[in-house]
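Input: a single structure, listed below in structure tokens.
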Amino acid sequence: MNLPVILDIALGLIFIYLILSLLASEIQELITTLLQWRAKHLKNSIELLVAGGSQTEQSDITKAEFLVQELYKDPLINTLNQQAKEKVEKEFRELTKKFDQKSLGVKQSAPSYIPSETFAVTLLETLKIPELINHVNNPSEEFKTNLHMILASYKELKTSINNPESESYQKIQRIYGNIDQNFKNFVNDELPDYVPDNLITSLSVLAQRSRIKIDDLREEMNQFKKEVETWFDRSMDRASGVYKRNAKGVAILIGVSVAILTNTDTFHLLRRLSQDSAIRSAITQSAIQQGSFLNNSDNRKQVEKLLGDASIPIGWQNISQQFEPLNTSRGNSVNSLLLGIWVVFKLICGWIVSGLAIAMGAPFWFDILNKVINVRNSGPKPVAYTKDQPPEK
């Protein structure tokens, strides 16, 4: 087998994987959109962030879930999501909500992306941190109030504000000065009760970093907001990695399913492409002609037409050819049984290999396709130049 034939076989396989990868990608995107996996993963990631991780106490996890619900009701985040009004989509989401243990709430939808600045502003406003700073009126020289001290006493406000004899009350008084009735009403009525302890601890650490950089309370608040944004961005980067790993697993399942439903057996494809020059030539020409065509997402609806025009040897109509060794075998029943087991095993392995290849994704196979076409055509075209633009040396 010479090199041109090997390149044609490789080109044919890559083209088939590319076509099926486009189909699998569309299926996965449809499922992701209808089931809102991105929005749910984002919400769960934020809940873990404010709870302090998955290894925290159940009480903090419950508080974190309630706090995130309140964050999502804020206009800054709520307006990021526009729920569709179509009857079919609403009925489908109503159906999926019945099977979903953790729904997105009454609205049945949520944003798939939240800017870090929006999250920081919403979180601090929900915790009433800016209003607490406004109540600080005693920044003495010997006991200068800072944001870290305010956050460190956050959990003590609710329990000690009405008990002047407690040590915590004296600590609060040193921070906020004279505690009047307005401040007591603000603490009792406005401060939320559903704040996880780990969240306050994390924010206190961020506030301490802000104090190192800036010593003024007002400017420290601006720096603290930036620290919260960075904290959120880094956490979401890790959450994005988890989502990609989960999406890769789903892509493998969809790829194997597509391979089975279309009876795409890699080993059978290799045999047909190596033996049938007509099929190999048809697929090669389709790959060369349609390589740039597939790069346009608007033209992907013609995938079925491309499959038919290229005479690709996939589909269940080829099952008799895949079991052809059983029809031509001669020997006793034991040998026939072993041969049958081998044929079925090879068929299943062929499906799995095809499914893994399909799960690699259309962009991967499109890049490989272009490279193989360039190699087959003796390299890329030379760069055109003019007198004003001489060739590179």
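The values are calculated or read from the model by the stated rules, or taken from the named source; none is laboratory data. What you are looking at is a predicted structure, and each value in this text was computed from that prediction instead of being measured. Note that each Cβ is placed from the backbone with ideal geometry, even for glycine, and that neighbours are counted across all protein chains shown.
Only one of the listed residues (L11, L18, L48, L67) is surrounded by fewer than 21 Cβ atoms within 10 Å (Cβ to Cβ) and among the hydrophobic types (A, V, I, L, M, F, W, C). That residue is L48. Evaluate the following for T96: is it among the β-branched types (V, I, T), within 23 Å of the chain's Cα centre (by Cα) and modelled with pLDDT under 90? Yes; evaluated as a whole, the condition is true for this residue. The residues of region 156-172 that are of a type in the set (D, E, K, R), within 28 Å of I61 (Cα to Cα) and exposed (fewer than 15 other Cβ atoms within 10 Å of the Cβ) amount to a single one, K158. Taking region 354-393 as the search range and keeping residues that are part of a loop (DSSP other than H, G, I, E, B) and basic (K, R), which one is modelled with the lowest pLDDT? Of everything passing the filter in region 354-393, K393 is modelled with the lowest pLDDT. The set of residues in region 339-355 being surrounded by 13 or more Cβ atoms within 10 Å (Cβ to Cβ) and farther than 18 Å from G315 by Cα consists of L339, G340. Based on this model, can you work out whether T62 counts as of a type in the set (S, T, Y) and not in a helix (DSSP H, G or I)? Taking the combined requirement at face value, the residue does not satisfy it. In this entry, G52 is excluded by the filter for residues that are at pLDDT below 90 and under 29 Å from I254 (Cα atoms). Taking L3 as the residue in question, decide whether it is modelled with pLDDT under 85 and either surrounded by fewer than 18 Cβ atoms within 10 Å (Cβ to Cβ) or in contact with a Phe, Trp or Tyr (Cβ under 8 Å, 6 or more places away or on another chain) (or both). Criteria met by L3.
State whether the residues of region 197-216 include one that is within 34 Å of the chain's Cα centre (by Cα) and in a loop (DSSP other than H, G, I, E, B). Taking every residue of region 197-216 in turn, none turns out to be within 34 Å of the chain's Cα centre (by Cα) and in a loop (DSSP other than H, G, I, E, B).
K40 meets all of the listed conditions (1) surrounded by fewer than 19 Cβ atoms within 10 Å (Cβ to Cβ); (2) closer than 17 Å to F119 by Cα; (3) out of contact with any Leu (no Cβ under 7 Å at 6 or more places or on another chain) but one, namely (3).
Within region 173-206, restricting attention to residues that are modelled with pLDDT under 85 and within 29 Å of E57 (Cβ to Cβ), the residue that is surrounded by the most Cβ atoms within 10 Å (Cβ to Cβ) is I175. On the given criteria, is K40 over 19 Å from the mean Cα position of the chain (by Cα), among the basic types (K, R) and closer than 13 Å to A110 by Cα? Criteria not met by K40.
When T122 is tested against (1) modelled with pLDDT under 55; (2) of a type outside the set (D, E); (3) part of a helix (DSSP H, G or I), only condition (1) is not met. I'd like to know if region 219-241 contains one or more residues that are over 32 Å from the mean Cα position of the chain (by Cα) and outside any helix (DSSP H, G or I). Scanning region 219-241 turns up no residue that is over 32 Å from the mean Cα position of the chain (by Cα) and outside any helix (DSSP H, G or I).
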